[in-house]
Amino acid sequence: MNIRNLEYLVALAKHRHFQRAAEACNVSQPTLSAQLRKLENELGLQLLERTTRKIRFTQTGLRLVEQTQVVLREIEALKNMASSSHYQSLMQTLDVGIIPTLAPYIFSHLNAVCRENFPEIELEIHEAQTNQLLHMLESDTIKCAIMTSNKDTSKYVELPLFDEPLVLGVSHQHPYSRMNEIDMGHLKNNKILMIDDGNCLHSQVLRYCYQFELEPDSRFVAMHLETLRRGVAFNRGVSFFPLLSTQQGSNENVRYIRCVSPEPKRKVVLIFHRSDPMRKKYEILRNAIARYMERYLVDYNAMA
């Protein structure tokens, strides 16, 4: 079985178009088509349902594409391990995916970490929701991602970065605005403005709603944290915000209150493929980010 034919298969699955897949592989369209038929003959399986309008993979074909991606990553890992230059320094460009409720607010911190520890690195940031980032990892569009830990990340190496507190945002007209902190048990029956359920923060806040008998307000659902912040500023209700999102350019009409007993938090992690040959380098990066954020959160706790 020719490895190149496996690459053709993955390219076709990515582009869903013979000509675009062929261009991506630097071969002619007839060559790519012929080699994929050869692959089907070698395996004795039908991988594609060929029609005049579109490409459709069979269920067997889809399973083979998924496994082929794993095989090709392992082959790439072997090639990289054979080259000692890959271990002399961290990569020059870091393609990292970050969830939207974190990306705008951690960017300056990441830059500070890289300037201090890895001045040769150029950050390439890809902001997307969790499901999109996992798809980008599978297609090798990105090499690692910073997100919150969840059941879908269990197939990857998951390195903890920091636990980010969630604080309560209220309008200055709200009765809570005079408080510096509030017990979670005292929030019972409050209506909570929510971010949409395509965002991992939604499920995290929803768990606290169930635990402390809070009421998610279905009349106001925001796509972005800044929209949520506007709703709070106009006293439409209260909501939870990740700490980092309250530190830079925060809306002056919103008051942030620390929650206690317990303090709600989300676990932020760095994830990447188990077969990635740069694992040691990601661990170095993880340690640098964790140290930096530990100092930052200690300062926050001291001010609380």
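Values computed for the structure shown
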read-out	value
Highest-fluctuation residue, Met136, Met223, Met179 considered, GNM on the chain with Cα pairs under 10 Å	Met179
Net charge of neighbours whose Cβ lies under 12 Å from the Cβ of Phe212, counting Lys and Arg as +1 and Asp and Glu as -1	-1
Positive-end residue of Leu62, Leu39, Ile75, charge dipole of region 3-82 with Cβ unit charges	Leu62
Whether region 262-304 is rounded, prolate or oblate, judged on the alpha carbon gyration tensor where a/c under 1.5 counts as rounded	oblate
Neighbourhood net charge (11 Å Cβ-Cβ; Lys/Arg +1, Asp/Glu -1) for Lys155	-1
Listed residue (Tyr208, Leu244, Ser218) projecting farthest to the positive dipole end of the chain, Cβ model	Ser218
Percent of beta bridges antiparallel (DSSP, region 163-266, rounded to nearest 5)	55
Angle between the chain longest axis and helix 103-117 axis [Cα atoms, degrees, rounded to 10]	70
Translational diffusion coefficient (Stokes-Einstein; Kirkwood radius from C-alpha pairs) of region 3-82 at 20 °C, 1.002 mPa s, in µm²/s	165
Contour minus Cα-Cα distance for Lys54 and Asn180 (0.36 nm per residue)	39.4 nm
Top of Leu159, Leu133, Leu64 by mean-square fluctuation, Gaussian network on the chain, Cα under 10 Å	Leu64
For the chain, size of Cβ-based charge dipole, Lys and Arg +1, Asp and Glu -1, in debye	580
Spatially proximal lysines relative to Lys151 (Cα-Cα < 16 Å; intrachain offsets below 8 disregarded)	Lys267
Theoretical FRET efficiency, 1/(1+(r/R0)^6), r = Cβ-Cβ of Asn150 and Ala34, R0 41 Å, to 0.05	0.45
Cβ-derived FRET efficiency at R0 25 Å, His135 paired with Leu206, nearest 0.05	0.60
Check: region 3-82 dipole with +1 on Lys, Arg Cβ and -1 on Asp, Glu Cβ, in debye	340
Charge sum, other residues only, whose C-beta stays under 15 Å from Glu124's C-beta, Lys/Arg counted +1 and Asp/Glu -1	-4
Amide proton proximity set for Phe162, modelled H, under 5 Å, gap of 5+	Val268
Cβ-based exposure ranking for Lys54, Lys191, in which fewest neighbours within 10 Å come first	Lys54, Lys191
Cα-projected label distance for Leu72 with Phe234, points at 7 Å along beta-carbon direction, nm	4.8
Percent antiparallel among DSSP beta bridges (both partners in the chain, rounded to 5)	55
Over the chain - Rg/Rh using Cα atoms and the Kirkwood inverse-distance radius	1.07
Potential extension, Asp196-His224 segment - 0.36 nm per residue separation minus Cα distance	9.3 nm
Separation between Cα centres of region 6-34 and region 174-249, rounded to whole Å	47
Whichever aspartates and glutamates have a C-alpha closer than 15 Å to that of Lys280, once near sequence neighbours (fewer than 8 apart) are set aside	Glu158
Added length on full extension, which subtracts the Cα-Cα distance from 0.36 nm per residue, Ile125 to Glu294	58.6 nm
Highest-MSF residue in the chain out of Ser108, Ser239, Ser28 [GNM, Cα springs under 10 Å]	Ser28
Kirkwood Rh in Å, taken over all unlike Cα pairs in region 210-257	11.6
Angle in degrees between helix 59-81 and the longest Cα principal axis of the chain, rounded to the nearest 10	90
Estimated [θ] at 222 nm from DSSP helical runs (n ≥ 4, -39500 (n - 2.57)) normalised by residues in the chain, nearest 500	-14000 deg cm²/dmol
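A short reminder: the numbers here are calculations on the coordinates, not readings from a lab. Bear in mind the structure is a predicted one, so any value in this text is a computation, not a measurement. Positions of Cβ are backbone-derived with ideal geometry, glycine not excepted, and every protein chain shown enters the neighbour counts.
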